[in-house]
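What follows is a set of notes on a single structure, which appears directly below.
The values are calculated or read from the model by the stated rules, or taken from the named source; none is laboratory data. Only a predicted model underlies this, so the values are computations on that prediction, with no experimental measurement involved. Every residue, glycine among them, receives a Cβ derived from its backbone with ideal geometry; neighbour counts consider all protein chains shown.
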Amino acid sequence: MFGRNNQDQRTSVQNAAAAPPAQPAPAPTPTAPPVSAAASIGESVIGEDLSIVGEKITVISQSRVKVNGTIQGDVNGQEVIVGPSGHVIGTVTANYIQVDGVINGALRGASVTLMPSARVDGDIFHQKLAISEGAQFDGRVRRPQDSSEITPNLDAESLKGSSGQS
C-alpha cells in the first residue's frame, strides 16, 4: 500500500536464494607472539667480562641498560638494571633502577628497587623506593621537590659540550 508491492519482495527473496552461499571467513593468519615490553624498548648489556674505566665516562641509553660488568662512570637510561655481578662506581640516573649488584655512588630515579643481593654506598633520590630484606644500603634517602633532579639526561650531544670535548 505505501510504496512496496509483493512482487518486489518475491524478487528479492528469489535473488537471495539464487546467490551462492556465503564463504566462511578465512582463518586468521598466525601472528607473531606478543612482544614483551623489554623487547619493544630494546636492551643493551654490559657483560660480566667487560669493564669500562676512564675519566668523565657517561654511558647513555635511550632504552634499557643491563650492567653485569664494571662501569667506572655515570650511567643514564630509561631503565638501568645492575645485575648480581654488576658494579657501578658513579651516579646512576634512570626512570627505573633495579640493583642486584654493587653501586658506589648516587641513585637518581623515579622508581628505585634494591634487591636482596644489592650493595649500595651512596644517596638515593627517588619518587618510589623498594628495599628488599637482605639489601645493604649506606647513605641518605631523599624525595626531591623538583623532578628534574631524577630525570635522566639522554642527550649525548649536551654532555659533549659540557665536558670540553668536540
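Considering only segment 42-97, state which residues are touching a residue at least 40 places away in the same chain (Cβ under 8 Å) and either within 24 Å of residue 127 (Cα to Cα) or not aliphatic (A, V, I, L, M) (or both). Listed by number, the residues that qualify are 56, 58, 60, 61, 62, 76, 77, 78, 86, 93, 94, 95.
For segment 105-119, a residue qualifies if it is closer than 14 Å to residue 93 by Cα and free of Cβ contacts under 8 Å to residues at least 40 places away in the same chain, and the qualifying residues are 105, 106, 107, 111, 112, 113. Summed over segment 82-99, residues that are surrounded by fewer than 23 Cβ atoms within 10 Å (Cβ to Cβ) and under 17 Å from the mean Cα position of the chain (by Cα) total 4. Scan segment 66-74 and give yes if some residue there is among the aliphatic types (A, V, I, L, M) and at pLDDT 95 or above, otherwise no. The answer is yes; a qualifying residue exists. Here is the figure for segment 124-154: residues that are surrounded by fewer than 16 Cβ atoms within 10 Å (Cβ to Cβ) and part of a loop (DSSP other than H, G, I, E, B) total 10.
Of all positions in segment 108-115, at least one carries a residue that is modelled with pLDDT of 95 or more, among the charged types (D, E, K, R) and under 30 Å from residue 138 (Cα atoms). Taken over segment 100-117, the criterion of being among the hydrophobic types (A, V, I, L, M, F, W, C) and either surrounded by 24 or more Cβ atoms within 10 Å (Cβ to Cβ) or assigned to a strand (DSSP E or B) (or both) is satisfied by 102, 103, 107, 110, 112, 114.
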